[in-house]
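Colleague: I have a structure here, written as structure tokens, and I will follow up with some questions on it.
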Amino acid sequence: MRALIRAYDKIRVYTRIYQLISKWDDFVKTYLVVWFSSEGVRPSEVNQRLLSLGFEPMQGSYDFVYNWNSNVGVEKILEFGDKVYLSLQGTGVMFKLETM
């Protein structure tokens, strides 16, 4: 009987951990891909501008990610896109945002 109770307790703990992880993954993220120009500013300058907006650098298919830490609507995402645009304006950088 004790073994059954311990197994039940483990299942409850693992279930709670899974719920927390699943909830964490439900938050919206905005991914950013950046294309540089040899006629523009240095990549380190672009990096600093994006870090000041809250982006985190990453490796893989995307260059940066922004974690919203909540579910947001299209209006907020568009406002954030405008901030990215204004921050990168005049740098010679082209970019693509993808929010999921």
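The values are calculated or read from the model by the stated rules, or taken from the named source; none is laboratory data. As the structure is a prediction and not an experimental result, all values here were calculated from the model. Cβ sites come from the backbone with ideal geometry, for glycine too, and all protein chains shown count toward neighbours.
Colleague: Of everything in segment 21-36 that's out of contact with any strand residue (DSSP E or B) (no Cβ under 7 Å at 6 or more places or on another chain) and part of a loop (DSSP other than H, G, I, E, B), which residue is modelled with the highest pLDDT?
Modeller: As a first pass, look at segment 21-36 and keep what is out of contact with any strand residue (DSSP E or B) (no Cβ under 7 Å at 6 or more places or on another chain): 21-26, 36.
Add one more test, that the residue is part of a loop (DSSP other than H, G, I, E, B), and what stays is 26, 36.
On the way: Asp26: 70, Phe36: 96.
So, considering only residues that are out of contact with any strand residue (DSSP E or B) (no Cβ under 7 Å at 6 or more places or on another chain) and part of a loop (DSSP other than H, G, I, E, B), the one modelled with the highest pLDDT is Phe36.
Colleague: Looking only at segment 53-98, count how many residues are touching a residue at least 40 places away in the same chain (Cβ under 8 Å) and over 21 Å from Phe36 (Cα atoms).
Modeller: Total meeting the criteria: 7.
Colleague: Continuing with this model, one more query. How about segment 85-100: which of its residues are part of a loop (DSSP other than H, G, I, E, B) and at pLDDT 95 or above?
Modeller: Here is the first cut: in segment 85-100, the ones part of a loop (DSSP other than H, G, I, E, B) are 89-93, 100.
Selection gives Gln89, Gly90, Thr91, Gly92, Val93.
Colleague: From the set of residues in segment 46-84 that are part of a loop (DSSP other than H, G, I, E, B) and of a type in the set (Gly, Ala, Ser), which is farthest from Met94 (Cα to Cα)? Break it down stepwise before answering.
Modeller: Filtering segment 46-84 down to residues part of a loop (DSSP other than H, G, I, E, B) leaves 53-55, 58-63, 68-73.
Adding the requirement that they be of a type in the set (Gly, Ala, Ser) leaves 54, 60-61, 70, 73.
Details: Gly54: 19, Gly60: 18, Ser61: 16, Ser70: 27, Gly73: 24 Å.
Once the filter is applied, the top-ranked residue is Ser70.
Colleague: Hey, another quick one. Which condition breaks for Ser38 when tested against (1) surrounded by 11 or more Cβ atoms within 10 Å (Cβ to Cβ); (2) out of contact with any Phe, Trp or Tyr (no Cβ under 9 Å at 6 or more places or on another chain)?
Modeller: With respect to (1) surrounded by 11 or more Cβ atoms within 10 Å (Cβ to Cβ); (2) out of contact with any Phe, Trp or Tyr (no Cβ under 9 Å at 6 or more places or on another chain), Ser38 is out only on (1).
Colleague: On to the next question. Test Val72 against the criterion of being surrounded by 12 or more Cβ atoms within 10 Å (Cβ to Cβ), hydrophobic (A, V, I, L, M, F, W, C) and under 17 Å from Asp26 (Cβ atoms), and give yes or no.
Modeller: It is true that Val72 is surrounded by 12 or more Cβ atoms within 10 Å (Cβ to Cβ), hydrophobic (A, V, I, L, M, F, W, C) and under 17 Å from Asp26 (Cβ atoms).
Colleague: Scan segment 43-80 residue by residue and report those that are among the small types (Gly, Ala, Ser) and more than 12 Å from the chain's Cα centre (by Cα).
Modeller: The answer is Ser44, Ser52, Gly60, Ser61, Gly73.
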